[in-house]
Amino acid sequence: MNNKVADNTAASMHQYLMTQLSELYSEREAQNIVSILFQSLKNWNRMDFLMNKSERLSESEILHFHFKLKELKSGKPIQYVLSETFFYGSKFYVSPSVLIPRPETEELVDLILKKEKEGQLQVLDIGTGSGCIPISIQKKKRDWSVFGLDVSDAALEVANSNNKLNEANVEFLKCDILNEVPSLKNLDVVISNPPYVLESDKTEMTAGVLDWEPHLALFVEDSNPLQFYIRITDILPKILKIGGRVYLEIHERFGQALKEYISTKSSSPIEIIQDLQGKDRIITFTYLPI
């Protein structure tokens, strides 16, 4: 095992990082992490690295790579190590107080922006976490009034930081959606990517997720997997206009069960949309109360 950097070139640092990370990650995962490190610390994409791999790193740069490697070897996800990630083309600050945004959620944002093209809409994201959904939407739709709710003070602090970072104009509010009704009314669009991973699914998850990401934002009890969706559906009459639209990111196993429940509250067609992996991932419908 090579425990030293051969010299202070970028190529040697790259090889050293790959060797060290191979203890924890597959070659593909390690390659992706190393690429992200160089992007963050040197502002190099993969082509930049190939063109500059003979460049000599400064002592401070070498130390910086070593510090980040130490955190990575503890199992800490690269996004938390760097305190940042990219979502829908924008940079977001992340900490262990919020989930790391997933590519599937980019598909949710993309769907909303394609479907909702008319008017100056009022939009609410329930369980906003880092704020990546409402901020990404508001950056594309500057004339929309966009809101985000979360029960966690720490998450709201991250969301507000991202609001400033992205020069967006989202209003973030604290609300325990399971026990409170938001004060907002006559909304045009309600969005949510609530906790939907079952407690029993923990055995299939990586240590990076279990040890670092907030369980409050991830898990629901096996006995009540639709808890948040049922609550959101039940309060729609108090917050959403008749004819307003709802977009929900869902657990792949419970799309049909949720569709059946929603059909008891709204008479409009309910669409289940698959993600790029072919899994049921989004439910959307127009709210027409029965």
Q | Odd one out for Val189 among (1) closer than 18 Å to Lys265 by Cβ; (2) in contact with a strand residue (DSSP E or B) (Cβ under 7 Å, 6 or more places away or on another chain); (3) open to solvent by 20 Å² or more (accessible area, probe 1.4 Å) | A | (3)
Q: Please work out if Leu173 is modelled with pLDDT of 95 or more, assigned to a strand (DSSP E or B) and open to solvent by 30 Å² or more (accessible area, probe 1.4 Å).
A: yes
Q: Test each condition in (1) in a loop (DSSP other than H, G, I, E, B); (2) touching a helix residue (DSSP H, G or I) at 6+ places or on another chain (Cβ under 7 Å); (3) within 30 Å of Ser26 (Cα to Cα) for Lys202 and report the one that comes out false.
A: (1)
Q.
Please go through the range 43-72 and give me each residue that is assigned to a loop (DSSP other than H, G, I, E, B), farther than 13 Å from Asn8 by Cβ and in contact with a helix residue (DSSP H, G or I) (Cβ under 7 Å, 6 or more places away or on another chain), ordered by number.
A. Trp44, Asn45
Q. Are any of the residues in the range 211-229 assigned to a loop (DSSP other than H, G, I, E, B), under 22 Å from the mean Cα position of the chain (by Cα) and of a type in the set (A, V, I, L, M)?
A. yes
**Q.** Inter-residue pairs, beta-carbon under 6 Å, first among the aliphatic types (A, V, I, L, M) and in the range 142-153, second part of a strand (DSSP E or B) and surrounded by fewer than 19 Cβ atoms within 10 Å (Cβ to Cβ), 6+ apart
**A.** Leu149/Leu173
Q.
Filter the range 245-284 down to the residues that are open to solvent by 20 Å² or more (accessible area, probe 1.4 Å), of a type outside the set (S, T, N, Q), in a helix (DSSP H, G or I) and farther than 23 Å from Leu187 by Cβ and list them by number.
A. Ala257, Glu260
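If I filter the range 202-217 for residues that are crowded, with 19+ Cβ neighbours inside 10 Å and of a type in the set (A, V, I, L, M, F, W, C), do I get at least one hit?
Applying the first criterion (crowded, with 19+ Cβ neighbours inside 10 Å) to the range 202-217 yields 208, 213, 217.
Subsequent filtering for residues that are of a type in the set (A, V, I, L, M, F, W, C) retains 217.
Scanning the range 202-217 turns up at least one residue that is crowded, with 19+ Cβ neighbours inside 10 Å and of a type in the set (A, V, I, L, M, F, W, C).
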Q) How many residues does the range 139-160 hold that are open to solvent by less than 50 Å² (accessible area, probe 1.4 Å) and under 18 Å from the mean Cα position of the chain (by Cα)? A) 11
(Q) Here's a check for you: in the range 220-240, which residue that is modelled with pLDDT of 95 or more and open to solvent by less than 20 Å² (accessible area, probe 1.4 Å) is nearest to Phe254 (Cα to Cα)? (A) Tyr229
Q | Count of residues meeting criterion [open to solvent by less than 50 Å² (accessible area, probe 1.4 Å) and out of contact with any Leu (no Cβ under 6 Å at 6 or more places or on another chain)] in the range 37-47 | A | 5
(Q) Could you check the range 52-85 and list, in sequence order, the residues that are modelled with pLDDT of 95 or more and on the phi > 0 side of the Ramachandran plot? (A) Ser83
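The values are calculated or read from the model by the stated rules, or taken from the named source; none is laboratory data. These numbers come from a predicted model, not from an experiment. All Cβ positions, glycine included, derive from the backbone under ideal geometry; neighbour counts span all protein chains shown. Remember, those area values only see protein heavy atoms, side chains included, never the ligands or the DNA or RNA. Shrake-Rupley method; radii C 1.70, N 1.55, O 1.52, S 1.80 Å.
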